[in-house]
Amino acid sequence: FSFIISPKSFFQTNTKQAEKLYSVVKDFASLTGNEIVYDLYCGTGSIGIFLSKHSKKNVGVDVVEDAIKDAEENAALNKIEHAAFFCGDVIEICNDSFFNLHGKPDIIIVDPPRAGLHAKLIQKIIEISPEKIIYVRCNVATQARDLPLLSEKYSDEKLQPVDMFPHTHHIENVAKLILREVSK
């Protein structure tokens, strides 16, 4: 894949390790080609685009306008026609009408800023209840805080750290959460 990256857009700077990171996400997602995938905090759309050949529809959301413009250009550049990108605060955009309009997600991928997931977004994800959540984090402390909040309906199935900058403490940790049966 090729990517256009403007100065205000987020993109993994270690591209060789980014490919390994995205391969872990792809493996954890176990896509069949029939899934609607939401990529929240999508940046330039790189994760969704990396997964696009194995999904039915990709929806990306990010607050940075330049990143969304890049994501749209990157989808076109890579001839991805079943992706749509939306600019705005994930907490405000991801409401019932948005999910009704674009389809209920089978998989939600989140790669939030260092602060982690907002409590309102966690509650919305629990309410929407996709089959899988793939949670990518550069700050494992906030991921460790957020995972128990998702445990109301989700079980941690796998965790995989990816060393983004060898000989430093910088890793990305990928968590695969699966929806479990919840007795009513």
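The values are calculated or read from the model by the stated rules, or taken from the named source; none is laboratory data. These numbers come from a predicted model, not from an experiment. Note that each Cβ is placed from the backbone with ideal geometry, even for glycine, and that neighbours are counted across all protein chains shown. For accessibility, only protein heavy atoms count, side chains too; no ligands or nucleic acids. Shrake-Rupley method; radii C 1.70, N 1.55, O 1.52, S 1.80 Å.
Pick out the one residue from I171, I122, I80 that is surrounded by 15 or more Cβ atoms within 10 Å (Cβ to Cβ), within 14 Å of the chain's Cα centre (by Cα), touching a residue at least 12 places away in the same chain (Cβ under 8 Å) and under 26 Å from Q12 (Cα atoms).
Exactly one residue qualifies, and that residue is I122.
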Original post:
Is region 105-127 home to any residue that is among the charged types (D, E, K, R) and assigned to a strand (DSSP E or B)?
Top reply: no
Subject >> Failed item, numbered, when Q160 is tested on (1) part of a strand (DSSP E or B); (2) within 18 Å of T44 (Cβ to Cβ); (3) open to solvent by 70 Å² or more (accessible area, probe 1.4 Å) >> reply: (2)
Original post:
(1) crowded, with 16+ Cβ neighbours inside 10 Å; (2) over 25 Å from N173 (Cβ atoms): which one isn't true of E92, the others all being true?
Top reply: (1)
**OP:** Consider E72 carefully, then state whether it is without any contact (Cβ under 8 Å) to a residue 40 or more places away in the chain, within 22 Å of S6 (Cα to Cα) and not polar (S, T, N, Q).
**Re:** yes
Original post:
Checking F50 against (1) open to solvent by less than 10 Å² (accessible area, probe 1.4 Å); (2) touching a helix residue (DSSP H, G or I) at 6+ places or on another chain (Cβ under 7 Å); (3) not charged (D, E, K, R), which single condition isn't satisfied?
Top reply: (1)
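Say we look at region 3-39 and pick out the residues that are assigned to a helix (DSSP H, G or I) and among the charged types (D, E, K, R); which of these is surrounded by the fewest Cβ atoms within 10 Å (Cβ to Cβ)?
By that ranking, first place goes to K16.
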Subject >> Failed item in (1) farther than 22 Å from N58 by Cα; (2) of a type outside the set (D, E, K, R); (3) open to solvent by less than 80 Å² (accessible area, probe 1.4 Å); (4) in a helix (DSSP H, G or I), with L149 passing the rest >> reply: (3)
Original post:
Out of (1) open to solvent by less than 60 Å² (accessible area, probe 1.4 Å); (2) part of a helix (DSSP H, G or I); (3) under 23 Å from K20 (Cβ atoms); (4) not basic (K, R), what's the single condition that is false for V136?
Top reply: (2)
